[in-house]
Amino acid sequence: METAAIIKSLLALLLVTGLIGITALLARKFGPGKFLAAGFKPNRERRLKVIETLPLDARRRLVLIKRDGAEHLLLLGAGQDIVVERGIRKPRREYENN
């Protein structure tokens, strides 16, 4: 290969790498979800939130979710999903009262 062809190849590689880097920075700043989700309002308060998850084994896990201020415990996996408990309240801690 000639020296000019090697230089052209390296410059093309640098240009492509730079374009990929700029695209990654723009995607990080603006986020791909803003372009994909039509009508998404980031200031809207979410109604559903995953509070905690606990894996029980390879197929099952417990998930504590909060919906409209009420917490629910779900058992997910093993071919079926079960609501274990609804409307859970946070326990009062002993040391808070002393």
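The values are calculated or read from the model by the stated rules, or taken from the named source; none is laboratory data. Keep in mind it's a predicted model, so treat the numbers as computed, not measured. Note that each Cβ is placed from the backbone with ideal geometry, even for glycine, and that neighbours are counted across all protein chains shown.
Close contacts from the stretch 52-76, counting a first residue that is surrounded by fewer than 11 Cβ atoms within 10 Å (Cβ to Cβ) and a second that is assigned to a loop (DSSP other than H, G, I, E, B), with Cβ to Cβ under 7 Å and a gap of 6+ residues or different chains, come to Arg59/Ala78; Asp68/Arg47. The numbered conditions (1) surrounded by 10 or more Cβ atoms within 10 Å (Cβ to Cβ); (2) within 30 Å of Arg89 (Cβ to Cβ); (3) at pLDDT below 90 are all true for Phe35 except (2).
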